[in-house]
There are 6 protein chains.
Amino acid sequence: VINPNSDPVMSGVIRDEPERVKRPDTEVEVVNATGAPIAIQSALDEARCTPGTLEHVRSAKERGMDAVVIACFSDPALAAARESTTVPVVGIQESALHLAARLGEKVAILSTGSGTGPGRLGEVLRGRLGHQFASCRRLGLSVSDTVRDRDLVMQRLVETGRRAMEEDGAEVFVLGCAGLGDLAPRLSDALGTPVIDPNAAALKTAEALADLRLTHASPTTHAAPRREPVATGS
Amino acid sequence: VINPNSDPVMSGVIRDEPERVKRPDTEVEVVNATGAPIAIQSALDEARCTPGTLEHVRSAKERGMDAVVIACFSDPALAAARESTTVPVVGIQESALHLAARLGEKVAILSTGSGTGPGRLGEVLRGRLGHQFASCRRLGLSVSDTVRDRDLVMQRLVETGRRAMEEDGAEVFVLGCAGLGDLAPRLSDALGTPVIDPNAAALKTAEALADLRLTHASPTTHAAPRREPVATGS
Amino acid sequence: VINPNSDPVMSGVIRDEPERVKRPDTEVEVVNATGAPIAIQSALDEARCTPGTLEHVRSAKERGMDAVVIACFSDPALAAARESTTVPVVGIQESALHLAARLGEKVAILSTGSGTGPGRLGEVLRGRLGHQFASCRRLGLSVSDTVRDRDLVMQRLVETGRRAMEEDGAEVFVLGCAGLGDLAPRLSDALGTPVIDPNAAALKTAEALADLRLTHASPTTHAAPRREPVATGS
Amino acid sequence: VINPNSDPVMSGVIRDEPERVKRPDTEVEVVNATGAPIAIQSALDEARCTPGTLEHVRSAKERGMDAVVIACFSDPALAAARESTTVPVVGIQESALHLAARLGEKVAILSTGSGTGPGRLGEVLRGRLGHQFASCRRLGLSVSDTVRDRDLVMQRLVETGRRAMEEDGAEVFVLGCAGLGDLAPRLSDALGTPVIDPNAAALKTAEALADLRLTHASPTTHAAPRREPVATGS
Amino acid sequence: VINPNSDPVMSGVIRDEPERVKRPDTEVEVVNATGAPIAIQSALDEARCTPGTLEHVRSAKERGMDAVVIACFSDPALAAARESTTVPVVGIQESALHLAARLGEKVAILSTGSGTGPGRLGEVLRGRLGHQFASCRRLGLSVSDTVRDRDLVMQRLVETGRRAMEEDGAEVFVLGCAGLGDLAPRLSDALGTPVIDPNAAALKTAEALADLRLTHASPTTHAAPRREPVATGS
Amino acid sequence: VINPNSDPVMSGVIRDEPERVKRPDTEVEVVNATGAPIAIQSALDEARCTPGTLEHVRSAKERGMDAVVIACFSDPALAAARESTTVPVVGIQESALHLAARLGEKVAILSTGSGTGPGRLGEVLRGRLGHQFASCRRLGLSVSDTVRDRDLVMQRLVETGRRAMEEDGAEVFVLGCAGLGDLAPRLSDALGTPVIDPNAAALKTAEALADLRLTHASPTTHAAPRREPVATGS
């Protein structure tokens, strides 16, 4: 599990959450990407966390890893990571969305941040979920609030989730931040409907791919030969 | 695992395949739906296998099942099954497609049957995979050929798969029939790209949902109250 | 005309409505599906009404019918019915939507039931109407209210329809329940815009298909040969 | 029925076809648009036939018409015609496509002209039929060939239709030219699958709208008030 | 620059705006279409302005024009114009939308007129911008208001624009009327985000096409041969 | 103009092409990104050229640039670049596609590289052009062939372009590689239809944005406040 953020609270959740949901015989190692920004909030932040993330990806095979998880909800560096190794690489957003799409007709994402309007994350999610996208709602909390007062976070999650059920027809929820994942079981009890922790969804995907000995298609399967300086797509 | 077909060869694969891929501590029971047709090839066949399938679904909870798999690639009776139990119900087609979509850009399905043209299955798959749909190609073999000569089946799978890679840009394959699933590892080696056995994908999803204590959203969450005879949608 | 519901009020409308709109030389027979639930509100209800509906469909030809109408707004058992006969089979939802799409840019559906949120019916309709879908609005009335007080129903239809015109840009309405159909002309006068009774739209389609001696494509045209146990799509 | 072409052969078909399929008590009058080009093959041709077509539309009400059909497969001037009268106006393309979409999963259009490639008509049809669009195939015949030798036309229709069934998965056909409509029944027998004459489909729609006393939504329902010089959309 | 409206205020803006934004060595001539309605608000208005517009298009080449702009936000007669000349023809709506789509994720259009609801213009714009469409909002002002009090217009633009940013997530604005174009720079300053004058966007496109010696594809490239009376698409 | 490749031939074209098409009063400076790979052929190559490209973007303002062009057909680092400066940043792919979409119904891209199948570039282009996408065809040439023999390149362009017109209905072409751009005028003459050099299209867009004093929307307009470590989208 590679953590491309450097915020200590989020890192704590990312470190503990996989232990909670893994199968007994699965071993999990969590590493931090060198040079990672505090949080990934923009295309620029994604560019910044990419070199450090790819470094860990490239060494995964020789360190005997059976699968790699990139633990940030924007799934940064995922395509480049898959070009860099034959070990399966899993994003937490894609894992959570693919699982959620099967547990109900309409999926809502609950995310931190105080942004108004649909925003860019919402657009990406709408594109991926298609007609199953219900909404992307923000909690209106900063990370420092999140740290200090988990009960306040839970209260906001419940309020925002209820509104998403009534106004957006949401039936399934995805927590849209690695740092919120541990609250999924409590929120699910409170709302009476499934809530997905993206860290857990990713870990289960990683376990399944390792069990089935499956990995992503090799880029050499589908691209032009890569050794000579062919100008494909440039 | 509920088998809604009654063909003996297909039933053999459906019985053996889960044992091969399950985690050691998972227990699998395979049952046959009463009144099932030999194969599910039409809307009429789906209607015929529905009562027997739902019977098994309804008794799953009291028999202590943690998850139910419907083992037919057309995912028959899936919506009605989810309305009939709180145990998670998993279809093998949806499991295979959601996994495949994450292992490469373009997904092709290889299916038995001698139908020409894109056909109805192809349309359904295109709708589910969107721009990631590469093609749905038939092997041109009957089930009796499939039974007698597994080497012939493998030869056809390799030929058809190679054409799908060259002509349709396929990067990942899904075997579009429960009865072909056991050939996935051999075909993956031959083609050099991932091949997904839908039985295995479904079993892994069932394990993950049981581990995470997740199930589908309850129909009472999102529908009108169901006790009084309200004419919603009728 | 096959009635797959067993509610007596709805059955009354389904029985009388075709007589009102048919051409003089058209003969209409209305039958009830054996074992039908009171109302069709779920995938499970659709599964329940299917055997009784298909029984009537299979006997339609020998009883000299020129066309069959399935009189429930969710168009249950339609695909299986078309596989069961060469007599044209018509659904009331598809008939109403195809007619509505030609009478204005934006189509709204008014339906009974008290469900809030977009709901599953809304999703299906959005998929069928595409950019012409305005909204699917519920009247917030139970069937028993509908029976007792037709003036109350009309008042709710007018209020809800006006809101759909102002807020959703609706230009054409479809009554989303077989049991509301008779109110279409009065509602059209009140709103000053077209309102479609799905029973009437279906009867006109049935008359047109009979006149033009057209029926649906045979499943043998497009599917794999059906006599041998080929595992197409299973 | 307004004929916006001036070619004599096509006019003959447009004149005779409605008589063949109408109900006994329907009266049909066929008129030619003044200034119409020989055939409608471009946006420029559509612009040319518009004034003459609209003239007939505007006088339809006072001449006691219950419905108007514009008998050209590109449905020219349809939107402007509906703004010009309260009598229902019906296009033959939209009538044929909406009927075809209900008789099978995949619809192909057979059209005259020798154009290669998908062409603009194909694009329009693909947009309207969505996933139900199979293909738009040209016969490779000029109108003069069409006139001289109807057997040659039929032979080409059968050949092209068979290819569309095998290669494009077509299940239902629409004849994509008013002047081909009379060959629909013979072609349907030869191909063993439904073939729709767009003139007939339009006449049946016109009859249904007249029977049900339905017409298109008034432009004043949905647009800004039109008397004052408001610059909406300009 | 062809002005297909005859309103004097709008004509003033259309006359002055190109001069403001053109390169020093570009020469601009503005002409009025004979028989143009005061404003283009309907399909009927578009039909009315088409003959006068095409007349100017046909003479553009011999009068030495390097490019033609049709200065009405509904881009009337554009397809027919391109069939009538080899000089590049540019619409102001398409120019504005293509430029706006590159300056931000979500584009909103601000338009005159008092229409409520999404309206037809909104639908067209949604179709063209796809997921980048934020909204189409009306100012609720008549053209006479627009003439008398430009400060009132600016005030409404600012209010409506702010709402579109907060509620619709708009990041870029297009002024949806040729007669509003001159207010773009002031509005951009007030809102702190890009605002596009469609007249200016079209002039820049015309300059670019002239510089690069590019024009639209000839209709003879892609259509059936046009001299003989082939019934393609008719 | 930032060149994110380091191949000398491609760099030559990128250096000369803007001079050929710019307005006399436009000044063009071409710079190379430090650490750029020879060609941009994968997500990994894009990650590699990003830091050097962003460095030039960040200094553009103080060096008095009015607009920046990133001269690689995959538009690498574009989103991050726009977050890094208020100077307008233009990609050559998006510039070429937006211009091409207005010159004909169907757009084809001709690209170097010997990849078979539709490939990833094709998918991206299909997503951007929607129904206007005709095809993405490869020339089957390496860059070294391209360097040695420009006549061979031209011959392949003409052959491939003719096939795209006949088989894919292409009406407009885009050269899908910065290093092919100079051949656009000759190819356009040979094919008799518009061919767009993406370098030229981007330069004209840059000129237009500078003339109109327009730039992209600021990220602070639409995102959550960025100073505090809010975990939006992470």
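The values are calculated or read from the model by the stated rules, or taken from the named source; none is laboratory data. Just so it is clear, the model here is predicted, and its values are computed rather than measured. Note: ideal-geometry Cβ built from the backbone for every residue, glycine included; neighbour counts use all protein chains shown. For accessibility, only protein heavy atoms count, side chains too; no ligands or nucleic acids. Shrake-Rupley method; radii C 1.70, N 1.55, O 1.52, S 1.80 Å.
Given a 1.4 Å probe and heavy atoms of the protein chains only, how would you sort C:L121, F:L152, largest accessible area at the top?
Largest accessible area first, the residues go F:L152, C:L121.
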Taking only DSSP H segments of four or more residues, each worth -39500 (n - 2.57), what value at 222 nm results for the protein assembly as shown once the sum is divided by all its residues, to the nearest 500 deg cm²/dmol?
-14000 deg cm²/dmol
By how many degrees, 0 to 90 and rounded to 10, does the Cα axis of helix E:150-168 deviate from the longest principal axis of chain E?
90 degrees
Candidates E:L78, E:L141, E:L180; GNM for chain E (alpha-carbon contacts under 10 Å) flags as most fluctuating E:L141
The set of residues whose placed amide H lies less than 5 Å from the amide H of E:A134, leaving out same-chain residues fewer than 5 positions away, is E:V107, E:A108
In chain C, what percent of the accessible surface is made up of carbon and sulfur (1.4 Å probe, ligands and nucleic acids excluded)?
48 percent
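Nearest-5 percent of antiparallel DSSP beta bridges in the protein assembly as shown?
Given both bridge residues lie in the protein assembly as shown, the antiparallel proportion sits at roughly 0 percent.
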Dipole of chain B [Lys/Arg +1, Asp/Glu -1 at C-beta], most positive-end residue of B:H56, B:T160, B:T215:
B:T215
Rounded to whole angstrom, how close does the nearest chain E beta-carbon get to the axis mapping E onto F, and which residue is it?
E:H98, 2
If you count only protein heavy atoms with a 1.4 Å probe, what accessible area per residue comes out for chain F, rounded to a whole Å²?
37 Å²
Could you tell me which of the pairs D:K61/D:K106; C:K106/D:K61; F:K61/F:K106; A:K106/A:K204; E:K61/E:K204; E:K204/F:K106 are separated by over 28 angstrom between their Cα atoms in the structure shown?
D:K61/D:K106; F:K61/F:K106
Furthest towards positive pole of dipole, D:G12, D:T85, D:G140, structure part region D:1-158, Cβ charges:
D:G140
P(r) for region C:24-75: what percent of alpha-carbon pairs falls in each 5 Å bin, starting at zero?
4, 17, 29, 22, 14, 9, 4, 1
What average number of partner chain Cβ atoms lie no more than 10 Å from the Cβ of the residues making up E:202-214?
6
Packing-based order for D:26-32, F:190-196, using average beta carbon neighbours within 10 Å, highest first:
F:190-196, D:26-32
Roughly how big is region E:1-99's charge dipole about its Cα centre, with Cβ charges of +1 (Lys, Arg) and -1 (Asp, Glu), in debye to the nearest 20?
100 debye
Mind checking which of F:V69, F:L110, F:V1 is farthest towards the positive end of region F:1-137's charge dipole, using Cβ charges of +1 (Lys, Arg) and -1 (Asp, Glu) about the Cα centre?
F:L110
What percentage of all Cα-Cα pairs in the protein assembly as shown are separated by more than 46 Å?
40 percent
Taking a temperature of 4 °C and a viscosity of 1.567 mPa s, what whole-number D in µm²/s does Stokes-Einstein yield for chain C with Rh from Kirkwood over alpha carbon pairs?
71 µm²/s
Percentage relative contact order, chain B, counting C-alpha pairs under 8 Å, at least six apart:
22 percent
Nearest 20 debye, what's the magnitude of the dipole of the protein assembly as shown about its Cα centre given +1 on Lys and Arg Cβ and -1 on Asp and Glu Cβ?
0 debye
Solvent-accessible area lost in complex, 50 Å² minimum, residues of region B:12-47 relative to chain alone, 1.4 Å:
B:R23, B:Q41, B:A43, B:L44
In peptide A:186-194, how many Cβ atoms from other protein chains are near each Cβ within 10 Å, on average?
3
In nm, what does the list of distances from D:E62 to its counterparts in the other copies look like, shortest first, when each label sits 7 Å along Cα to Cβ?
3.9, 6.1, 7.8, 7.8, 9.2
Expressed as a whole number, the average count of other chain Cβ atoms within 10 Å around the Cβ atoms of C:126-133 is 2
Enter the buried accessible area of the C/D pair, total of both sides, probe 1.4 Å, in Å² rounded to the nearest 100.
3000 Å²
State, to one decimal in nm², a quarter of the convex hull surface area for the C-alpha atoms of region D:157-212, i.e. the direction-averaged projected area.
4.2 nm²
Sites C:T86 and D:R213, calculated FRET efficiency, Cβ-Cβ separation with R0 25 Å, nearest 0.05:
0.15
Most mobile listed residue (B:I109, B:I92, B:I38) in chain B, GNM with C-alpha springs under 10 Å
B:I38
The correct pair for region D:1-119, radius of gyration to one decimal and Dmax as a whole number, both in Å and from Cα atoms, is 14.8, 45
Any idea what the relative contact order of region C:1-99 is, in percent, if you count C-alpha pairs under 8 Å spaced at least 6 apart?
28 percent
